[in-house]
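The values are calculated or read from the model by the stated rules, or taken from the named source; none is laboratory data. None of the values given here were measured: they were computed from a predicted structure. Positions of Cβ are backbone-derived with ideal geometry, glycine not excepted, and every protein chain shown enters the neighbour counts. The protein model used for the area step is the full one, side chains on, heavy atoms only, and it has no ligands, DNA or RNA in it. Shrake-Rupley method; radii C 1.70, N 1.55, O 1.52, S 1.80 Å.
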Amino acid sequence: MLSLNPLLWPRPPAIFCYGLAILAVIAALIISRWPALHLQDAPVSLFLCAVILSAWFGGVGPGLLATALSAIAFYYYFLAPIYSWGAKSAEMPRFFIFTVSALFVGALSVAQRSATESLRRARDELKGTVQKLQSTNEALRVENSERKRAEEGLRQAQADLAHVNRVNAMGELTASLAREVNQPITAAITNANTGLRWLAADAPNLEEARAATMRIIKDGTRAAEIIKRIRLLFKKSEPVRELVQVNDVVREMVVLLRGEASRQSVSIRMELAADIPQLMADRVQLQQVLMNLMLNGIDAMKDADRTRELSIKSERSETDQVLVSVSDTGVGLPAQQADKIFNAFFTTKPQGTGMGLSISRSIVESHGGRLWAAANSPCGANFYFSLPTEVETEE
């Protein structure tokens with residue numbers, strides 16, 4: 001069924017994409033030159049919109065075509081002397097920044113389209129994959145006569161299910177992640193316009209234009225980092241142990257889940273100890289544990305009529321291990337069933353798989369640590385996990 005949102009429509013045939021790029025640039029030129037609209041001095045946003053639209057629906061090729069056509073139209077119609085193909089040395093800095101900005105926003109549009117399509121495919125395939133993995137786990141429990149083979153299969157099924165658990169959580173956060181990527185793209189467009197205005201002044205201010213260009217680079221780097229984190233969480237690969245600073249992992253997940261927390265009116269507070277030692281751990285797996293605990297806390301507070309606050313703390317425990325806690329002010333642990341929350345397939349959510357906490361405990365224990373829960377006073381729940389430091393792991 002076709003989505004009501006045009007930005008989520010499937011990519012059309014190539015000939016249509018290239019035709020769309022040409023029409024978009026022609027439309028931008030006509031609108032910017034329309035006398036009644038008085039836009040002759042500000043065509044940049046229209047051409048950038050044409051590039052973004054072409055790159056979104058067509059990809060790299062149509063995006064580059066729209067960029068080239070926009071650059072030609074901008075050079076001929078808007079750089080003095082206009083209506084001339086001759087040398088315009090005084091306007092070349094302005095032309096250069098326009099071309100770089102068009103290439104930049106086109107590349108960001110292609111990257112965002114790629115991330116959106118990955119999230120959509122993962123969401124569409126999720127239901128059948130989860131059912132298949134649940135059936136596989138159940139079958140492995142029954143085959144007691146082939147114990148060694150069953151244990152190996154169960155470990156593999158748990159790894160697959162951990163990946164699906166990440167994909168499931170990220171699929172639910174599609175809208176929030178799209179907003180996170182849109183923010184630096186919007187900022188880059190604004191800074192591109194600002195830089196062009198400084199260059200178009202009677203006395204071009206190169207310092208301000210250079211500052212605007214640096215902000216564009218910063219916004220692009222921010223968008224790339226967000227997409228990189230999303231790809232890491234989607235990536236299915238073997239665990240890789242390396243030195244990890246747990247405070248950095250906490251900050252990364254707070255950035256990634258900030259949009260979802262804001263959507264549920266939840267504030268996030270961090271209290272991270274400065275003397276936390278490094279751990280020998282798999283970074284993506286630790287991100288998954290924190291993501292599960294933070295999403296559970298946010299979900300537990302969505303119907304609360306009191307202050308909604310998610311608190312993440314890190315500290316050194318009395319045994320010199322690293323202790324991390326995630327606390328919420330939600331409904332608390334399920335009555336009479338608090339000891340079952342870490343069991344596989346146990347869930348209190350209507351749409352839950354019951355695997356998030358079970359997988360999180362398996363990950364923590366595989367790192368030589370421990371994961372447990374306790375009631376929060378006066379309301380809510382606390383989840384704690386402790387991990388050995390790098391020195392303890394080597395010993």
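A150: over 20 Å from A14 (Cα atoms), modelled with pLDDT of 80 or more, assigned to a helix (DSSP H, G or I) and open to solvent by less than 20 Å² (accessible area, probe 1.4 Å), yes or no? No; evaluated as a whole, the condition is false for this residue. Looking only at residues in region 49-97 that are of a type in the set (V, I, T) and surrounded by fewer than 19 Cβ atoms within 10 Å (Cβ to Cβ), the one that is modelled with the lowest pLDDT is I82.
Kindly indicate the residue of region 300-315 that is among the basic types (K, R) and loosely packed, with under 15 Cβ neighbours inside 10 Å and also farthest from L371 (Cα to Cα) among those meeting that condition. Don't jump to the end; show me each part of the working.
So in region 300-315, the residues among the basic types (K, R) come out as 302, 306, 308, 313.
Among the residues that remain, those that are also loosely packed, with under 15 Cβ neighbours inside 10 Å are: 302, 306.
On the way: K302: 24, R306: 27 Å.
Once the filter is applied, the top-ranked residue is R306.
Per-residue answers, yes or no, for (1) modelled with pLDDT of 80 or more; (2) touching a His at 6+ places or on another chain (Cβ under 9 Å); (3) not in a helix (DSSP H, G or I):
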residue	(1), (2), (3)
S325	yes, no, yes
T329	yes, no, yes
P334	no, no, yes
F342	no, no, yes
F345	no, no, yes
R361	yes, no, no
E365	yes, no, no
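With respect to S3, is the statement that it is at pLDDT below 85, of a type in the set (S, T, Y) and open to solvent by less than 40 Å² (accessible area, probe 1.4 Å) true? The answer is no for S3.
Being modelled with pLDDT of 80 or more, closer than 20 Å to G106 by Cα and open to solvent by 70 Å² or more (accessible area, probe 1.4 Å), is that true of even one residue in region 37-48? No: region 37-48 contains no residue that is modelled with pLDDT of 80 or more, closer than 20 Å to G106 by Cα and open to solvent by 70 Å² or more (accessible area, probe 1.4 Å).
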